[in-house]
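Here the structure is laid out as structure tokens; the discussion comes afterwards.
The values are calculated or read from the model by the stated rules, or taken from the named source; none is laboratory data. Small disclaimer: the values here were computed from a predicted structure and weren't measured. Note that we place each Cβ from the backbone using ideal geometry, even for glycine, and neighbour counts take in every protein chain shown. Calculation scope for accessible area: heavy atoms of the full protein, side chains included, ligands and nucleic acids excluded. Shrake-Rupley method; radii C 1.70, N 1.55, O 1.52, S 1.80 Å.
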Amino acid sequence: MTVHELDTALSQATQYLHAARRVCVLTGAGVSAESGVPTFRASDGLWEGHRIEDVASPEGWYRNPALVWQFYNARRQNVAQVRPNPGHYALAAMERRWGPNFTLVTQNVDGLHLAAGNRNVLEIHGSLRHTRCLQCAAVEDRGLEPLGDAPKCPRCQGRLRPHIVWFGEALDETIWQRAVDAASACDVLLVVGTSAVVYPAASLIPAAKRHRSIPATVIEVNLTPTEASDWADVGLYGPSGVILPQLVQRLEASRFSS
Ligand code: BJW
Ligand code: ZN
């Protein structure tokens, strides 16, 4: 994308957002890449010689829960050392503008949107901070300290697992329904830093185009075009930590024009 093409696309995106009453955002790993959190599909897909699917799946868990906890403790330690980047902060500024009419749906489990100040956040794939007891089902925020490779529930001594949605597992129904409602009701859906290959998350993009007399405008922010690009009315191709602050800056400027 040339500087001129990006400038034109940023102007279009600003106009759509300026006119929008309700905004929904879908984020993926790319939004945290500039903070130092590895994405899933760009890397070699390995963690210390193990395939990610082997340490982040129900099968992997049944085979070797201690290995799965080692993987998640390493991820928790990584996230404890990183900070939100300008892309996260730009999305927090957007929430301040739209208030309750702004919903941020994230596939990320790193908690960086909450750390940046977003409040209306739906973590549809769970959170690295949370554990779930296999015996009493209690979900608890355990912060980001390492938990060892066989942590026990403080209430019932049952075995704990990461409260993360692995492949083949269902998303929390209440959180998912709120995400579908937000995508179906928005005027603009901003799709940031996701390859849009994982379902049902990716289905929020067509959902924004359905269910209404006027389909939502889809704006994609990514380094490259993705599976979402066919749905996108505007594509902003570059790092989200650079593009999103520019978008917010233009929106602030457009506040004083009509
Ligand atoms: C930048 C950037 C920068 C880089 N700036 N951009 C329909 C069709 C086909 C398959 C299915 C289907 N429905 C369900 C499935 C199966 C499966 C699935 O989707 N498979 C596909 C891969 C084929 N889905 C499931 O299994 C889901 N469960 C389910 O459907 O259950 C059904 C059920 C119902 C009732 C009862 C029981 C079951 C669950 C999916 C859970 C996904 N979990 C993971 C792993 C979590 C583990 C962990 O984190 O520890 O979540 S998978 C992994 O992918 C992770 C992510 O959240 C998710 C999405 O990845 P994301 O965020 O898009 O990252 P990347 O790496 O792919 O992309 C990064 C992007 O950023 C790239 O585009 C870069 O260009 C960009 N980028 N730097 C801007 N600076
Ligand atoms: Zn318990």
From the option list 93, 115, 56, single residue qualifying as in contact with a helix residue (DSSP H, G or I) (Cβ under 9 Å, 6 or more places away or on another chain), modelled with pLDDT under 95 and among the aliphatic types (A, V, I, L, M) is 56
Over the stretch 125-156, the set of residues within 15 Å of ligand 1 (Cβ to nearest atom) and either of a type outside the set (D, E, K, R) or without any contact (Cβ under 8 Å) to a residue 40 or more places away in the chain (or both) is 125, 126, 127, 128, 130, 131, 132, 144, 147
(1) more than 16 Å from residue 38 (Cα to Cα); (2) in a strand (DSSP E or B) all hold for residue 127 apart from (1)
Hey, residue 194 in contact with a strand residue (DSSP E or B) (Cβ under 9 Å, 6 or more places away or on another chain), crowded, with 19+ Cβ neighbours inside 10 Å, of a type in the set (Ser, Thr, Tyr) and over 25 Å from residue 98 (Cα atoms) or not: no
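Here is a yes/no grid of residues against (1) of a type in the set (A, V, I, L, M); (2) open to solvent by 10 Å² or more (accessible area, probe 1.4 Å); (3) within 16 Å of ligand 2 (Cβ to nearest atom); (4) out of contact with any Phe, Trp or Tyr (no Cβ under 7 Å at 6 or more places or on another chain):
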site: 5; (1), (2), (3), (4): no, yes, no, yes
site: 28; (1), (2), (3), (4): no, no, no, yes
site: 45; (1), (2), (3), (4): no, yes, no, yes
site: 58; (1), (2), (3), (4): no, yes, no, no
Among (1) open to solvent by less than 70 Å² (accessible area, probe 1.4 Å); (2) in a loop (DSSP other than H, G, I, E, B); (3) not assigned by TED's automatic domain parsing to the domain that holds residue 23, residue 160 falls short only on (2)
Could you please let me know if residue 137 is more than 17 Å from the chain's Cα centre (by Cα) and under 30 Å from residue 58 (Cβ atoms)? yes
- Does the stretch 157-164 contain at least one residue that is among the polar types (S, T, N, Q) and within 16 Å of ligand 2 (Cβ to nearest atom)? yes
